[in-house]
1. Within the range 162-172, does at least one residue satisfy the condition of being farther than 25 Å from Arg211 by Cα, modelled with pLDDT of 95 or more and of a type in the set (Val, Ile, Thr)?
2. With respect to Val239, determine if the residue is in a loop (DSSP other than H, G, I, E, B), without any contact (Cβ under 8 Å) to a residue 40 or more places away in the chain, within 22 Å of Leu161 (Cα to Cα) and aliphatic (A, V, I, L, M).
3. Can you go through Ala13, Ala41, Ala19, Ala25 and tell me which one is in contact (Cβ under 8 Å) with a residue 12 or more places away in the chain, among the aliphatic types (A, V, I, L, M) and in contact with a Leu (Cβ under 8 Å, 6 or more places away or on another chain)?
4. How do the pairs read when you match residues in the range 129-140 that are assigned to a helix (DSSP H, G or I) with residues anywhere that are of a type outside the set (A, V, I, L, M, F, W, C), using Cβ under 6 Å and keeping only pairs 6 or more apart or on different chains?
5. Only one of (1) more than 15 Å from the chain's Cα centre (by Cα); (2) under 20 Å from Arg16 (Cβ atoms) fails for Asp169. Which number is that?
6. So, in the range 133-156, of the ones that are under 17 Å from Ile60 (Cα atoms) and of a type outside the set (A, V, I, L, M, F, W, C), which residue ends up surrounded by the fewest Cβ atoms within 10 Å (Cβ to Cβ)?
7. Out of all the residues in the range 212-219, is one or more in a loop (DSSP other than H, G, I, E, B), in contact with a Lys or Arg (Cβ under 6 Å, 6 or more places away or on another chain), modelled with pLDDT of 95 or more and of a type outside the set (Lys, Arg)?
8. As an exercise: evaluate Arg141 against (1) under 17 Å from the mean Cα position of the chain (by Cα); (2) among the basic types (Lys, Arg); (3) more than 17 Å from Leu173 (Cα to Cα) and give the number of the one condition it does not meet.
Amino acid sequence: MRSPDMPTHPDIALPRLIAHRGLSAHAPENTLVAVRAAHEAGFQWVELDVQLLGDGTPVIWHDATLMRCSDGHGRLATLDLAAVRKLDVGGWFGDGFRGECMATLSDMLELLVELDMSVNMELKVTSRRSGTELAEVVVPRLLRALPPERLILSSFDQPALNHARTLADASLLPIGVLTESVPEKWCSRCEALNAYSIHTDWTRLTARRAREIKAAGYHLLCYTPNDPMAFANRWTWGVDSAISDDPALFAGIAPPPDQAQA
């Protein structure tokens, strides 16, 4: 249970639906065009991934390598900004997206500010990279760009989240604990970070665990449901938000946000 002596979280108007990696069912994931597509479709929150290039530049990208989502090859950890700027990161998704460039964190934050959007930013710590270094680079930039009520920082990487918390308290930086399945000692992890939320694989969530999380005062987000009927009973368990590749599928099915929990 969160201690009443801890700094309070900002008043986040958390939506029921968040666009995963931008509107990734309809545009290449983690790109500026995917975020614009989410905005045009009426979704004000997006989930995105950030990691560091070899030269220390933070970029919006999920994988450790280029192969799946670009016309290039190699590991991000060995590349600099000049090299990745030459890549096409849209053509793999469809001809209409050819020429799309990899977004830096600065590019993406500028767009989010322009569109008045909010973000769940995941610190993506790949093999042999430092989560502490990533948090050190990313967190100050997020805090300068966005007000705390429009931001959640999440990660699977405990050192990344630990360091992020040393950079800002919960009133400035809401933290989400990412997990595939919620572990037995989930509560101690959340308490240590004064976390705002838990983000978990919807297929591994149980009703008992969901109700424990909600009873303890944490927000509960699930990734990545794309079948609204299969997901329907999770709303009754107390899930606050679904992070979906195609959130429009849930239109008319997802219950409206509970203003008391916002």
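The values are calculated or read from the model by the stated rules, or taken from the named source; none is laboratory data. Everything quoted here is computed from the prediction, not taken from an experiment. All Cβ positions, glycine included, derive from the backbone under ideal geometry; neighbour counts span all protein chains shown.
1. yes
2. Considered against the rule, which asks whether it is in a loop (DSSP other than H, G, I, E, B), without any contact (Cβ under 8 Å) to a residue 40 or more places away in the chain, within 22 Å of Leu161 (Cα to Cα) and aliphatic (A, V, I, L, M), Val239 comes out as no.
3. Ala41
4. These pairs meet every condition: Gly131/Asp157; Gly131/Pro159; Thr132/Pro159; Thr132/His163; Ala135/His163; Val137/Pro58; Val138/Pro58.
5. (2)
6. Pro140
7. yes
8. Here Arg141 clears every test but (3).
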